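Report on the following structure.
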Amino acid sequence: MIALIPARSGSKRIPGKNKKFFHGKPIIAYSIEAAQEAGIFDQIYVSTDDGEIQGIARSYEIDLTYRPLGLADDDSGTEEVMAEFIKRTKVPDADIMCCIYATAPTMKPRDLICAYQTFVVNNASMVYSVDHMGVDAGQFYFASAYTFRNFRVHDKGSWKIPGQVIKYVVENGIDINTPEDWDEAVEIYSGMVG
């Protein structure tokens, strides 16, 4: 099973978001560490167009894959990055993939493990993280390579995927897109470690 952490260099609302320091280290480090500690992935990749992010990934001995410039703008979604990676590296359709967001400092390794088990036990098409309100928590998505390659179009925030799509509820989940989200994430994390 492969985990891919998309981490482009550009971010208009939070400049340098994926490498910005969060409680003493680059925010992407939390996602890398959670993926490593989960112990369920055969390979973990960081997809980026940014040299500094490449350096961070190398310091954790993470595999790198270059993110094409055409997929590094504000209009490109993580699902498109997943599909491009799967196609370029010829990942077999049946292989399970996990897209992990680079800005998920509250993500727990046990949630990755339990969500993966939920995916397998239920023979689901996709399992993804949500908060207690059922809103996308911006942490991870599990699906087969076939699903990521063929069903990557959103419709008002929902995937158009046949089969069972399961929402996995995480504690302290927050999708970080704005400076206000960042500040809220800092507060949440402070409460978790304080």
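Screening GLU52 with (1) over 28 Å from CYS114 (Cα atoms); (2) assigned to a loop (DSSP other than H, G, I, E, B) gives one miss only, at (2). Restricting attention to segment 1-25, the residues that are assigned to a strand (DSSP E or B) and touching a residue at least 12 places away in the same chain (Cβ under 8 Å) add up to 6. Without any contact (Cβ under 8 Å) to a residue 40 or more places away in the chain, surrounded by fewer than 22 Cβ atoms within 10 Å (Cβ to Cβ) and within 23 Å of SER11 (Cα to Cα): does that describe GLU79? No: the conditions fail for GLU79.
Scanning segment 127-159 for residues that are in contact with a helix residue (DSSP H, G or I) (Cβ under 6 Å, 6 or more places away or on another chain) and over 23 Å from TYR30 (Cα atoms), we see that the one that is modelled with the highest pLDDT is ALA145. Against the conditions (1) part of a helix (DSSP H, G or I); (2) surrounded by 18 or more Cβ atoms within 10 Å (Cβ to Cβ); (3) in contact with a Pro (Cβ under 9 Å, 6 or more places away or on another chain), ALA115 satisfies every one except (3). Among the residues examined, ILE28 qualifies as of a type in the set (Val, Ile, Thr), in contact with a strand residue (DSSP E or B) (Cβ under 9 Å, 6 or more places away or on another chain) and not in a strand (DSSP E or B).
Could you check, for segment 160-168, whether at least one of its residues is within 19 Å of PRO6 (Cα to Cα), at pLDDT below 95, β-branched (Val, Ile, Thr) and surrounded by 15 or more Cβ atoms within 10 Å (Cβ to Cβ)?
no
The values are calculated or read from the model by the stated rules, or taken from the named source; none is laboratory data. Everything numeric in this text was worked out from a predicted model, so none of it was measured. When we count neighbours, we look across all protein chains shown, and the Cβ atoms used for this are built from the backbone with ideal geometry, even at glycine.
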